[in-house]
Every structure is written in C-alpha cells, then in structure tokens.
1. Looking at the range 517-533 only, could you name the residues that are open to solvent by 40 Å² or more (accessible area, probe 1.4 Å) and not in a helix (DSSP H, G or I)?
2. Among the candidates Gly628, Gly623, Gly655, single out the residue that is buried (at least 17 other Cβ atoms within 10 Å of the Cβ), more than 15 Å from the chain's Cα centre (by Cα), at positive phi and not in a strand (DSSP E or B).
3. Being open to solvent by 10 Å² or more (accessible area, probe 1.4 Å) and within 20 Å of Pro600 (Cα to Cα) is the filter here, so list the residues in the range 435-464 that pass it.
4. Can you find, within the range 273-310, the residue that is surrounded by the fewest Cβ atoms within 10 Å (Cβ to Cβ) among those that are at pLDDT 90 or above and closer than 20 Å to Ala198 by Cβ?
5. Those residues that are farther than 11 Å from Ala611 by Cα, in contact with a strand residue (DSSP E or B) (Cβ under 7 Å, 6 or more places away or on another chain) and crowded, with 17+ Cβ neighbours inside 10 Å, I need them from the range 635-652; list them, please.
6. Looking at (1) outside any helix (DSSP H, G or I); (2) closer than 24 Å to Ala393 by Cα; (3) not basic (Lys, Arg), find the lone condition where Trp447 falls short.
7. Select the helices (runs of 4 or more DSSP H) contained entirely in the range 274-371, then report the ones holding at least 1 residues which are of a type in the set (Val, Ile, Thr).
8. If I ask for residues that are touching a strand residue (DSSP E or B) at 6+ places or on another chain (Cβ under 6 Å) and open to solvent by 20 Å² or more (accessible area, probe 1.4 Å), which ones from the range 322-344 would you list?
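The values are calculated or read from the model by the stated rules, or taken from the named source; none is laboratory data. Just so we're clear, the structure is a prediction, and the values are computed from it rather than from any experiment. Glycine gets a Cβ as well: all are built from the backbone with ideal geometry, and neighbour counts include every protein chain shown. These area figures cover heavy atoms from the full protein model, side chains too; ligands, DNA and RNA do not enter into them. Shrake-Rupley method; radii C 1.70, N 1.55, O 1.52, S 1.80 Å.
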Amino acid sequence: RRPARSRSALRASGPRRWLMRRASSLVGLPDDPVGLMADAGVGVLPIHRRSGSRSSRAMGARDPKDRRRRRTSTARRRLVALAALALAALVLRAVAYLASWYPGDETIRASSESFLRLMFSRSGVSFGKTKSFAFSKEVTIDAGDSIKLTQKAAVVQGEISRRPRWRAGEDVNVTRHAELEWNADEKKSCFFRVHADAPAITFFDDGVTRVWRLRGLDELQLVRAAKGKADFGNPLKTHGHKEEEGEGNDFGVDDLRCVYFRAASSDAWSRFRQSGRLPASLKTDASPVRPDPLSDDTLLLINSATTLDMLSEYHRPLLNHQAYAESNGYAYVLALVKPFLLAGRSGKFAKHLALGAHLAAALESDRQLKLFGSSNDSDSDSDSFSERDESFAFSAACHVDLDAWFASWAPFGLYGAAWEKNKDVLFGDAGQIWLNTGLLCARPTEWAVTFEERVVNAVFSGADVLEDVVGVNEERETGKAVASKKSPSSVWSYGFQRDQPAVWHVLATTWRSEAGVPYEAQGCRAWHRACNPVENPIECWHWCHWDALQRWRGWRGTLAEAVNALPRVALAPRHAAPSRDAFAFFGDSFGAEDASETPPPMHRMCLRSCASVLRRFFMGVCGALTGGSPRCFPADVDKMSLCDGAGCLAQMASGGGGWIKH
C-alpha cells in the first residue's frame, strides 16, 4: 500500500504531472497502464497517444479527421482509376482513328478550305493570309526508294525533258501550225483503228498501212497466234498494200506522214478487213458525228503522244476511248506529235499543241461556213484549211490523257449543258488542291486558241536558274521572265518541264489582269525552286497560286467557288452520286430522260492513300530499325499513296464512281 501524501505535496506535484502528461503525448510511447510505467513510481503517469495513432485505430477509434482522410483517399483512388480509363479510351480511339484515316490530297484540300485556311506542303504551312511558317528542310511524305518493284514500270507520258529551252522570241504559232498541217493534208488520208481482238493499232498513213503492236499479249492470245487464228491486224500479208517499214514495231513517229489520225468507223474497218479497201474520206470512213442529246454540242475527243512506245501500255484505255466516242457519236483523234513541232518544249505540251490546232481549225471552219454557207460550194481562194467541211465543225473539244478512261457511258452533255457559254475552258474538279489537266475541254474561240498558244510558249524563266544568279534576282524583283545578259547573241527561254504549272501560270496571269488576283508570277518567293518540278508541283501551287487566290478579294472559301467566280474558266463540281444510282450511268441505255439523275463526278482520281496512318507508322518504325529494308514496305505500289492498281480501282468506284477515271 502506498503511503498517503500530504495535501501540500499533491499541490506541488500538479504542474509536474501536467508536464509529464504533455510529454507522454508527444513522445508517443506504447500505452502500458498496468506495466512498466505503473511500476515506475507514484509520480509517473501512463503515456497518452495522439488521436488517430495506429494503436487508436487498432482499438477502434472513430475520429472525424480519420473518417475524412479515408473518404479523401478513396475518392483519389477512384479519380485516378477514372483518369486511367479515360486515357486508355482516348488512346484506343486515336489508334482506331489512325487505323481508319487514309490521308491524301483530299485532306489538304479540306484543311485549306476550312475556317483556318490551313495549307501545308513539304516546305512549310500557312494559315490564310495571316501566318506562314517555312521549314528548314523539305519534309518528304513518300516512301522513298524502299518500295519493292517486281514489275517493269509503265511509261505513262514519256520521258520529261529536264531543261526544255528554245531561243527567245521563237514562239510556236498554233494557228499557223494548223494551217500548214491541214493544207498539206489536202490529199492525205490519215486514219487509225484500235483492235478489239488483239493489242494492236493499225495506222492508215496516207496510203501506207502500218501496224503497231502493243504490250498485253496474254497466254490465250499467244496460243491463238501460234495456231494462226488471231488477227493482229497485219493487212500487209493479206491484202498486199504498200509496205515501207516492215511488219514489226520498227518505225517511229518521225517516219509517219500524218500527225493527226482520225478514228476509222467500224464499217470502214470491216470493209478494209474483208476487201482491203483503205479508208480515204472523212465523210464516209470516219466515225459518224452527231449532236449530243443533252447539250446539242458536237464533240471532239483527242489523245496525244510523242512516241509510239507511249501507246504500248494503253491498249485497253485506247479501246475504251474509241468505243465511247463511236457509241456517243463523237469525233476521235489520235495525235502523234513529232518532237520538232514542239521546237524544244517538253513532250508534256503535245496535248496543248494538238488541242490548240483543232480549236483553230474549228474556228476557221466556222468562219468559212458563215462566209460561204456550204463548205462544199466554197469558191474561196484562201490558202487556209483546204478541207473546209463538217470534220472540223465541232462545238467543243476535250483532250483526255492516255492513262484515263471512261467509266461511265453518260454523254458529255451531262456536264456540258451546265458549261456557261461565256467560259472558254472547262476542267473537272478531281478533288485535288489544284486544276488537273488530265481532262481539259475547250470551245473553239479566239481566246481558247490564244490560251493554248500561250501555254505552249509559257516561259518558266529567261535565266539559267542553276547559274545566272543575277538574272534570277532580277526576275524576283520584276515579277516576270527576263532575258539573260550573259550572252546577247544566244538568249534562251527556259520552259516548264510539266504542263500543269504552265497552265496555272497562264490562267493566273489572265485572272490578274481581268479580275485583280494578286499573282506575282516569277516574283513569288518559291517560284524558281518549286514551279518547275519533275514530279509533284504542290509547292508551286501552295506558295504561288493558292496563296494568291485566297488573298483575292473575291475569294469564296473554296477552290471550286473561286474558280467559277473568275473569268474564262469553268470547274465542273464534284457530284457525289449515291451508290444505288451509280449503275444508271453504265451502259449505252443512258438518255436525255436520265438527265435528272445525280451524275457521277466528271473527273475522278486515285487521291487517298491505300495504307492508313497507323500502318504507315509501323512501316516507318520497321524502316528505321532495319535501315529502310524493302521488306517493311509493300510491292508494286505508288511511292506516295502506297496504292496498287486494285486499290485505286476500289477507291475510284466508291461514292458513285466517275465519268472519267484517271
């Protein structure tokens, strides 16, 4: 039993007991009310723990702060879990989007026509007329040389001249060329026929029958040929006509007497194969021409080439063009333009010489008919266009590239009927960011003839861009091509390698003078490095043409609206025919009563990538890890779009197809 303490001693020990109590709560020793601390003496009190300690929780303490802390911890864990789920969903959504996004020209077109006016190319980006950012190096978006090619590359339009040039002032006169060509052809008969049963073309070259065999012989045709059952259109053996160049492909365009060959009618072809009678008269032996049922136009279709080898890959497209023209009652011409007629220009400009010459011929024919009434009764002594007859009396002419074909049998009038009479030139909106010349139609007007002549004679620069720094700087300051000062006795004009930038240049120059488009031509900062490329001219369009168009006070927000608001040019809109109506445009049963149907796009191209962004990402990773191994990339595809033939066909068949597929 402990001795009793006095009252005074208890009062004296009060502060000490309070201090011990506070110290025990701070020290936090284990509670031991009956153990060591109890045996330490009368003045030692049990140690108290702070609220919320482990021992308190173990004893079932229910402090409010503890409950709040628990709720906060639980809410934080739930928030973290929800954030992780949202992030995972976002990543999966992004992956799914990238797996279904096939970028291409349509992506750039859509962004440039959005409210941002965002245009981007390999050298930079721009936002309307406010901001532009140039990259230090051009960004390449194709697959480079890593693409595997297991087949021989097809020659689409011949080899492009790297430095086309001619002496300054020596322009090609398109009208004069037409006059000389058809005056010289007064006694010529120039016809051709694409064979349906074999890959070959027979040329009736003013009395000399020549056969050019195309590529594409399959095994069945080879077997038939071995058995002597296939008719490859070699009439030289059968009918004994004059032969100058032999039976094989041992002649070229320079050996031909004619330049412009008219398609022989199926009747004339049958007569020739049965009796050997050569086509001779445009009126009796050419495919008959009749007005379009929708627009009342008489149409001329033109193909062109500068070498016969260019035709070798295109038996089916040529046969398609021939059948379409004959079925719809359109004239059809194959122009084999001799290089000397271009006088130093790139072979890409053969189409413009051929189209311009026929426009000039039609314009003169129309004049003669107005002057003399009937062309057959004309007594004029004029020395121009000796054949003044209905063969040149067409109201519109369309040049179609060899690698394009008619995917719809709808008549031209489906689009020509909406072609305004005050517009001289018609393009089809292919969905690209620029105007594509793969399909180019024009009316026989003075301006159209002059336009084609200006395109043929378009000058990229009067200075050698690689050597004449002074001349290039002068062109940047003046905004036009200038003559070089280095050698006045030998001044050259340097032309465009491709025809599209030349067409844009001539059109933009016209729009500058007639509508006030702020086009700078050679004064554009990117002109000399971007406007004469061998391949994709997107840099030229971005910095020198689109930039000027969207700065024009009449800009309507889209390329189609802007072009149609400008003078001289019409752009057929991109109709989106419903898939269920697409088949209405195939076959020869399409008539005027079907004009109310939604037509397919006039000009359809393979624009989107056939590989998604996600697939391209994995290709890029694989290529980076393996040093660009060909195994990382597909075979036999276009390097930029990664599309093969089947992929392009599937793409162009969607959304109602198209009239021309290219």
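1. Pro518, Glu520, Arg525
2. Gly655
3. Result: Asn436, single match.
4. Here the residue is Leu308.
5. Matches in the range 635-652: Gln651, Met652.
6. (1)
7. Filter on the range 274-371 gives 282-285.
8. Residues satisfying the conditions are Ala343, Gly344.
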